[in-house]
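Values quoted throughout were computed directly from the atomic coordinates according to the rules given, and no laboratory measurement underlies them. Note that the coordinates shown come from a computational prediction; the quantities given were computed from them, not determined experimentally. Methodologically, a virtual Cβ is constructed for each residue, glycine included, from the backbone with ideal geometry; neighbour enumeration extends over all protein chains shown.
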Amino acid sequence: MSDLKTVYPVPEAFARDALIDKARYDEMYARSINDPDGFWAEQARALDWIRPWDRVKNTDFTGDVSIRWFEGGQINIAQNCLDRHEATRGTKTAIIWEPDDPKAPGRRISYSELAAEVRRFANVLKAQGVAKGDRVTIYLPMVPEAAVAMLACARIGAVHSVVFAGFSPDSLSGRITDCGSTVLITADEGLRGGRKVPLKVNADKALDHCPDVTAVVVVRHTGGDIAMKDGRDIWWHEAMADVSDDCPAEPMDAEDPLFILYTSGSTGKPKGVLHTTAGYLLYAALTHKYVFDIKDDDVYWCTADVGWVTGHSYILYGPLANGATTLMFEGVPTWPDAGRHWEVVDKYGVTIYYTAPTAIRALMREGEAPVKRSSRKSLRLLGSVGEPINPEAWRWYYDVVGDGRCPITDTWWQTETGGLMIAPLPGATDLKPGSATLPLFGVKPVIVDNEGTPLEGACEGNLCIADSWPGQMRSVYGDHERFAQTYFSTFPGMYFTGDGCRRDADGYYWITGRVDDVINVSGHRMGTAEVESALVAHPKVAEAAVVGYPHELKGQGIYAYVTLKSGETPSEALRKELVAWVRNEIGPIATPDLIQWAPGLPKTRSGKIMRRILRKIAANEHEGLGDTSTLADPSVVEDLVGNRMNGN
Ligand code: WT7
């Protein structure tokens, strides 16, 4: 192991043509911190404004917490992502769409075509009564209509809330109700890895609980047989057939809401993360351009789903704002086989490929053969996002996928941050496998101990951000107090990320994972409290405690300790039933990997479940259980250790 390289210098060939080299990064970073107003004003001139701003930054992390950027400015995001490019790159491909089935025809949509479709769909939304400020829920698979729908909302100032197509009817209805949407956009069915996802059926179940939804626009995708409700449901293609493609872009105030995206926290229901207009767009565009070193002839592929923030900022808004060609892939990396991604890379000459460690680990397990079957000569840059990447997967990605030629940009950020926060610039930053490296422009990371004291130099602690950046979330939809409480009260005056982090002697950041009750399953966030409430909703369950544990492929797996009601007996059948129950309540991403029957849970004398102990048992680290003498009944720990489940 000792001869493994730990630092990968910027390849000379890459540095020569890169947008930003080391000296320029240092200079721009210093300016962004010392003179944020000047720095961001300069960067913002790259966008098309309807009205210039009066004030660049007006932010306060104390008290009620108020975050405003570019006040007085007016801008439209769809205009910036589409119309602006029509004159110079109207015929350039904006979106390449690759379907799930490798034999089915894909689509190439030019900037002009996309602009026209967006204007038409904007008129469809208007015809359904959607006006500026109204919320529109989007529950679509990875089809171009998802991009069209999102941009059409942005064009008329409606606020979109995209719900990942893997979520259950219950999760969908909860999100529709929380933001008060009256219009839903969905499809007959989705397709993933050759399997159909019953989206319209799910939507119908969800809408039983959403009386305020008056219109459902349905994309015909698989042609599957579905029910259409008279007076409520309309087909996308029919509605699009008789509208004009003329639709002016609504002038939006810089701080008008753009979208809501629900994400799990350590307590309660998922929060509606609210992002606004100008600052978000600027931050998504700028980070996309510099971190991915975007040139006009790049073919850029981010493998995320539009249902997550990565899809919002780095499939859609960032790339289109930069006039790039962005690839949307409907399928999964391992179907029909583990060579699929590399076939797609060769088919379209992908130059930049951005994926998640969980996908890399899954492909790594299949060996080199499926990779080596492809050329991948077009690739010049690789990216990683979603969770810490283990150095073994990093090196495989670098050596096998990138043939030792392509830098890897490991990007740390969150739904809340809107865009990348800590990541290498490929022409400027030497890489260390497993480290997201250095902060991006305007980002001031601070590592604090549990008392909130900032630590200097090499250290480890809780990761906070000291000051605002333009892409930051502005509020929790409908609950600003929860926003201030969740992110700004633990370490007053700072934004707390919920992540643990180490800084090494070179100033490089190493994210160590969540320090709250959020687990990261395959790069997706799951609140333990959500899984617990799904479990206790089952009639046979008395109590449940859920923790994460190390999982070879997923990064973290979901480990549930379940206490049954008295009179109920544990069985394999019941275990399966509970797993299916949780999938049905939340969605497949919440599937418990392991369920351990717990006659009792370790609690303090005041009745608080001691998760620290449950986490250690799940991770098979019971040597270090620490002091259990404060437990109400220390014997439950022995039982739990003795009956621990073995994962992976
Ligand atoms: C959490 C945010 C926005 C990215 C997609 C997930 C973890 C994300 C990294 C990385 C280490 C990472 C953090 C963060 N995370 N990227 N490159 N290295 N950890 O977005 O669902 O909002 O989750 O994902 O723990 O807090 P999300």
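Per residue, what volume in Å³ does the Cα convex hull of the stretch 302-351 take up? Could the numbers behind the result be given before it?
On the way: hull volume 3.5 nm³, N = 50.
With only Cα atoms used, the stretch 302-351 gives 70 Å³ per residue.
Count charges around LYS57 for me, please; just the other residues with Cβ under 10 Å from its Cβ, Lys/Arg as +1, Asp/Glu as -1. Before the final figure, lay out the partial values.
Working: positive: ARG55, ARG68; negative: ASP37, GLU71, ASP467.
My count for the surroundings of LYS57 gives -1.
If I model the chain as equal point scatterers sitting on the Cα atoms and use the Debye formula, what is log10 I(q)/I(0) at q = 0.06, 0.08 Å⁻¹?
Normalising to I(0) and taking log10 leaves -0.32, -0.58.
Kindly provide log₁₀ I(q)/I(0) values, in the same order as q = 0.12 Å⁻¹, from the Debye equation applied to equal alpha-carbon scatterers of the stretch 510-648.
Rounded to two decimals, the profile gives -0.45.
Which peptide among 152-161, 455-464 comes first, and what is the full order, when sorted by highest mean count of other Cβ atoms within 10 Å? Write out the running numbers ahead of the final one.
Values: 152-161: 26.0, 455-464: 16.7.
Taking the mean over residues of other Cβ atoms within 10 Å, the ranking is 152-161, 455-464.
Write down the percent of antiparallel bridges among all DSSP beta bridges whose residues are both part of the stretch 199-310, to the nearest 5. All intermediate terms of the calculation are to be shown ahead of the outcome.
On the way: 6 of 9 bridges.
Antiparallel bridges make up about 65 percent of those DSSP assigns within the stretch 199-310.
Hey, could you get me the Stokes-Einstein D for the stretch 331-434, Kirkwood radius over alpha-carbon pairs, 4 °C and 1.567 mPa s, rounded to whole µm² s⁻¹?
Working: Rh = 14.0 Å.
D, rounded to a whole number, is 92 µm²/s.
Need one word for the stretch 136-284: rounded, prolate or oblate. Basis is the Cα gyration tensor (sqrt eigenvalues a ≥ b ≥ c); a/c below 1.5 gives rounded, then a/b vs b/c decides.
Numbers: a/c = 1.65, a/b = 1.17, b/c = 1.40.
The shape class here is oblate.
Per the helix-only calculation at 222 nm, which mean residue ellipticity applies to the chain, given -39500 (n - 2.57) for every DSSP H run of n ≥ 4 and division by its residues, nearest 500 deg cm²/dmol?
Numbers: 20 runs with 184 residues, N = 648.
Mean residue ellipticity at 222 nm (helix-derived): -8000 deg cm²/dmol.
Exactly which GluC sites (Glu not before Pro) in the stretch 277-374 are in a DSSP loop and have at most 14 other Cβ atoms within 10 Å? Numbers along the way, then the final one.
On the way: sites: GLU330, GLU343, GLU366, GLU368; in loops: GLU330, GLU366, GLU368.
Within the stretch 277-374, the qualifying GluC sites (Glu not before Pro) (loop, at most 14 other Cβ atoms within 10 Å) are GLU366, GLU368.
Give the calculated FRET efficiency between SER606 and ASP48 to the nearest 0.05, with a Förster radius of 60 Å applied to their Cβ-Cβ distance.
Working: r = 58 Å, r/R0 = 0.97.
In this case the efficiency is close to 0.55.
For the peptides 589-597, 16-24, what is the packing order when you average, over each peptide's residues, the other Cβ atoms within 10 Å and list the highest mean first?
On the way: 589-597: 19.9, 16-24: 14.7.
Highest-to-lowest ranking by the protection proxy: 589-597, 16-24.
Using r as the Cβ-Cβ distance of ARG195 and ASP246, and R0 as 35 Å, what FRET efficiency do you calculate, to the nearest 0.05?
Values: r = 40 Å, r/R0 = 1.14.
The computed FRET efficiency comes out at 0.30.
Could you work out how much longer the chain between GLU71 and SER533 gets when fully extended? Use 0.36 nm per residue separation minus the Cα distance between them, nm to one decimal.
162.2 nm
Considering only the stretch 99-200, what is the antiparallel percent among its DSSP beta bridges, to the nearest 5? Show your work: numbers first, answer last.
Values: 3 of 11 bridges.
Here the share of antiparallel DSSP bridges comes out near 25 percent.
Label SER629 and LYS295 with points 7 Å out from Cα along Cα→Cβ: what is the distance between them in nm?
6.7
Would you calculate the volume per residue, in Å³, of the smallest convex hull containing every Cα atom of the stretch 431-563?
Given the Cα convex hull of the stretch 431-563, per-residue volume reads 146 Å³.
Suppose we look only past 13 Å in the calculated P(r) of the stretch 351-399. What percent of the Cα-Cα pairs does that tail hold? Numbers along the way, then the final one.
Details: 677 of 1176 pairs.
Taking all Cα-Cα pairs of the stretch 351-399, the fraction more than 13 Å apart is 58 percent.
Nearest 0.05, what FRET efficiency do ASN58 and GLU481 give at R0 = 25 Å with Cβ-Cβ as r?
Working: r = 20 Å, r/R0 = 0.82.
It comes to 0.75.
With labels modelled as points extended 7 Å from the Cα through the Cβ direction, what inter-label distance (nm, one decimal) is found for GLU456 paired with ARG31?
Going by the 7 Å Cα→Cβ label model, 2.9 nm.
In whole percent, what relative contact order does the chain give with Cα contacts below 8 Å and a gap of six or more residues?
Working: 1412 pairs, mean separation 83.2, N = 648.
Rounded, it is 13 percent for the chain.
Between LYS205 and ASN390, what is the spin-label point distance in nm, taking each point 7 Å from the Cα along the Cα→C-beta axis?
The modelled label-to-label distance comes out at 3.4 nm.
Where the eigenvalues come from the Cα gyration tensor of the stretch 273-358, what are the semi-axes √(5λ) of the equivalent ellipsoid, largest first, in whole Å? Provide the component values of the computation, followed by the final result.
Values: eigenvalues 113, 49, 16 Å².
Sorted largest first and rounded, they come to 24, 16, 9 Å.
Restricting to the chain, compute how many DSSP beta bridges are antiparallel as a %, nearest 5.
Values: 60 of 100 bridges.
Percent antiparallel among DSSP bridges in the chain is about 60.
Provide the packing ranking of 417-424, 321-328, i.e. peptides ordered by the mean count of other C-beta atoms within 10 Å per residue, highest first. It would help to have the intermediate numbers written out before the result.
Details: 417-424: 27.4, 321-328: 24.0.
Packing order, densest peptide first, comes out as 417-424, 321-328.
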